[in-house]
Amino acid sequence: MTKLFKQLGSTEADVVRYLKLHPTFFENHPNLLKTLHIRHDSGKAISLLERQNSILRSENSALIEQLNEFISVAQRNDRLFLNLQALVLELIKCRTLNDISRTLTQELLGRFEVDEVRLVFTHLANSDGDLWLYCDPSLLEEHFPATLAHLKNQCGEFEPTARQVLFGASDIRSMAIAGVALNGQGIGLLALGSRDARHFRSSTDTLFLGYVAKVVSQLLVRF
């Protein structure tokens, strides 16, 4: 092939450049598509036209797969939005902290893929019958300093002692947490727990959880 190019005074690059500058070349010489052959993955020689069709089919399959993935993500987002909307509407009806805690637990367990829910406060001790969890602020600051001080949402497995602070001796393996604030000051956490260590990862999107925590923070001014 190299010898032929030398005889013609051209190079492969020249041919490539010419075809790029004349994309309709094979339309003007359709018979060439039938006579030009390239080696297929199977080892069988096929025409350039067949190879082009094969490439187009592969590209179409990839595009269809990508489109299906986009549709699937959009459908998941739609379901998430509707569930989030229902949760917020129920939270707005709450008149006590127990109402808030009960609503969060029922709605999050029922509508979202979580195994346990905790609403934790550091400024308000609980008593018998209260559904939220009181935790000493120094303990939360020790294990979740960024969330309590800067209201930073976090996800992951965390250390066993950190999981135990929020979920006791349960078999929770991964958590998602968001800070709850009163007048801009962090006074607690909203924590979701999963028995699957891979369910909440450090890369998990926390936008939804952070939004719910902000709604709860806004409701706290009522009490």
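Which of the residues that make up the range 9-27 are at pLDDT below 75, loosely packed, with under 10 Cβ neighbours inside 10 Å and part of a helix (DSSP H, G or I)? Matches in the range 9-27: Glu27 only.
Of all residues in the range 151-199, those satisfying the criterion of being surrounded by fewer than 19 Cβ atoms within 10 Å (Cβ to Cβ), closer than 23 Å to Gln218 by Cα and touching a residue at least 24 places away in the same chain (Cβ under 8 Å) are Lys152, Ala181, Leu182, Asn183.
State yes or no: is Leu148 in contact with a Pro (Cβ under 8 Å, 6 or more places away or on another chain) and not hydroxyl-bearing (Ser, Thr, Tyr)? Yes. Just to be sure, is Arg163 touching a strand residue (DSSP E or B) at 6+ places or on another chain (Cβ under 8 Å), part of a loop (DSSP other than H, G, I, E, B) and more than 14 Å from Thr147 (Cα to Cα)? It is false that Arg163 is touching a strand residue (DSSP E or B) at 6+ places or on another chain (Cβ under 8 Å), part of a loop (DSSP other than H, G, I, E, B) and more than 14 Å from Thr147 (Cα to Cα).
You will find that of Gly193, Gly210, the residue that is under 19 Å from the mean Cα position of the chain (by Cα), at pLDDT 95 or above and not in a loop (DSSP other than H, G, I, E, B) is Gly193 and no other.
Return a yes/no flag: does the range 128-140 have any residue that is within 26 Å of the chain's Cα centre (by Cα), part of a strand (DSSP E or B) and under 20 Å from Leu91 (Cα atoms). For the range 128-140, residues within 26 Å of the chain's Cα centre (by Cα), part of a strand (DSSP E or B) and under 20 Å from Leu91 (Cα atoms): absent.
Among the residues making up the range 89-126, those that are aliphatic (A, V, I, L, M) and more than 19 Å from His143 (Cβ to Cβ) are Leu89, Leu91, Ile92, Leu97, Ile100, Leu104, Leu108, Leu109, Val114, Leu124, Ala125.
Here the condition is being more than 14 Å from Val117 (Cβ to Cβ), touching a residue at least 24 places away in the same chain (Cβ under 8 Å), among the hydroxyl-bearing types (Ser, Thr, Tyr) and surrounded by fewer than 20 Cβ atoms within 10 Å (Cβ to Cβ); of Thr206, Thr147, it holds for Thr206 alone.
From the residues in the range 153-173 that are out of contact with any Ser or Thr (no Cβ under 9 Å at 6 or more places or on another chain) and charged (D, E, K, R), which one is farthest from Ser101 (Cα to Cα)? This residue is Glu159. When Asp128, Asp78 are checked against the criterion of being assigned by TED's automatic domain parsing to the domain that holds Thr206, out of contact with any helix residue (DSSP H, G or I) (no Cβ under 9 Å at 6 or more places or on another chain) and at pLDDT below 95, a single residue qualifies: Asp128.
Filtering the range 78-113 to residues that are among the charged types (D, E, K, R), assigned to a helix (DSSP H, G or I) and surrounded by fewer than 15 Cβ atoms within 10 Å (Cβ to Cβ) leaves Asp78, Arg79.
The values are calculated or read from the model by the stated rules, or taken from the named source; none is laboratory data. Please read these numbers as outputs of a predicted model, since none were measured by experiment. Virtual Cβ from ideal backbone geometry, glycine too; neighbours counted across all protein chains shown.
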